[in-house]
Amino acid sequence: MKTNKQFFSLFIFIVVVSSILFYKHKTDAETVKVKIGQSSHFSKDEIKAAVSTVKEKFKGYKGCSLTELKYSEKDSLAIAKDYMNFGGGDETVVGDKNVIVLLSNFKVDSSGGDGSWKPNSTQTRYTWTLIRNSEKGKWRVAQAEDNYTDANNVKVSIGRSKKLTKEDIITAFDTVKKDFKKDKNNEGCTITELHYSEFQAIDADTIESYMEDKNAIVVFSTIKTAPTAVGGWDANKTMDNFSWTLVRDSSNGKWRVKDGGYALDINLFFLTNAML
């Protein structure tokens, strides 16, 4: 009789614990706030399918909790245009009807996730670019990156990296901005955009070795030149894909600019980033 009572108590305990775990899992899934704005490009079902794809992909982000997903037509079209022009979209997608961008917010625990994030931080405006082969095809994540405007009004895009932390990349960006500002040949010119993507199909002879080195980084910029000619710049133009190679002596060392060059004429295009 006592054995039966013990068995029954154990059974009740297992049922209660299982219910709690199930409820927690269900609640976690429902705590992701989904905001879908008006769209002239996609139906709600198409956007919801993209949301589901991102949720599934996010499961691979260890130590991170997704809190919000948002579709904004204005943001989506702007970022999708950049992807089509510079992110390999012209190689993989036919038409902008097959590219959609979602914005997300998520929390990072004390472990810093996989080491890419600052511990106990909240990441905002992290963008997900999804593509499909046709308007009836399934969405897949092509690119995921931080996308925001910093304190200097510079548009910043940071792809996920296997070799560098987000702080490493931001520090490299700051070094580029300071170096650019100090050079008198750049008077009147401004950096409007900085971009980092782990994989880049550029001139392998000059870039590939740096991409393997944890104490080297290659970033790209967009520069708006002055109305009158300054230094070696063409006057009153927007220069895309100007690359900067930076190095440091150790993982704790300071970045310094080693080289800079205009990369437009070497068949530049960005491949999918390291999260894929």
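The values are calculated or read from the model by the stated rules, or taken from the named source; none is laboratory data. Predicted, not measured: the structure shown is a model, and the values here were computed from it. All Cβ positions, glycine included, derive from the backbone under ideal geometry; neighbour counts span all protein chains shown.
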Worksheet item: What single numbered condition from (1) modelled with pLDDT under 90; (2) over 23 Å from LYS118 (Cα atoms); (3) out of contact with any helix residue (DSSP H, G or I) (no Cβ under 9 Å at 6 or more places or on another chain) fails to hold for ILE202?
Response: (3)
Discussion item. Could you go through the range 143-152 and let me know if any residue there is under 18 Å from ALA78 (Cα atoms), of a type in the set (A, V, I, L, M) and out of contact with any helix residue (DSSP H, G or I) (no Cβ under 6 Å at 6 or more places or on another chain).
Written reply: yes
Response to the item:
Picked from the range 216-263 (must be without any contact (Cβ under 8 Å) to a residue 40 or more places away in the chain and of a type in the set (Asp, Glu)), the residue farthest from SER161 (Cα to Cα) is ASP234
Discussion item. Among the residues that make up the range 160-172, is at least one of them modelled with pLDDT under 90, buried (at least 19 other Cβ atoms within 10 Å of the Cβ) and closer than 18 Å to LEU102 by Cβ?
Written reply: yes
Worksheet item: Which residue pairs have Cβ atoms under 6 Å apart, sit 6 or more places apart or on different chains, and have a first residue in the range 113-139 that is closer than 27 Å to ALA49 by Cβ and among the small types (Gly, Ala, Ser) and a second that is surrounded by 19 or more Cβ atoms within 10 Å (Cβ to Cβ) and at pLDDT 85 or above?
Response: GLY113/CYS64
Worksheet item: Within the set of pairs 6+ apart or on separate chains, which have a first residue in the range 44-59 that is outside the structural domain of ASN98 (by TED's automatic domain parsing) and without any contact (Cβ under 8 Å) to a residue 40 or more places away in the chain, a second that is of a type in the set (A, V, I, L, M, F, W, C) and outside any helix (DSSP H, G or I), and C-beta atoms under 6 Å apart?
Response: none
Fill in: Subset of the range 14-65 that is hydroxyl-bearing (Ser, Thr, Tyr) and under 24 Å from VAL141 (Cα atoms) - its residue that is modelled with the lowest pLDDT
THR31
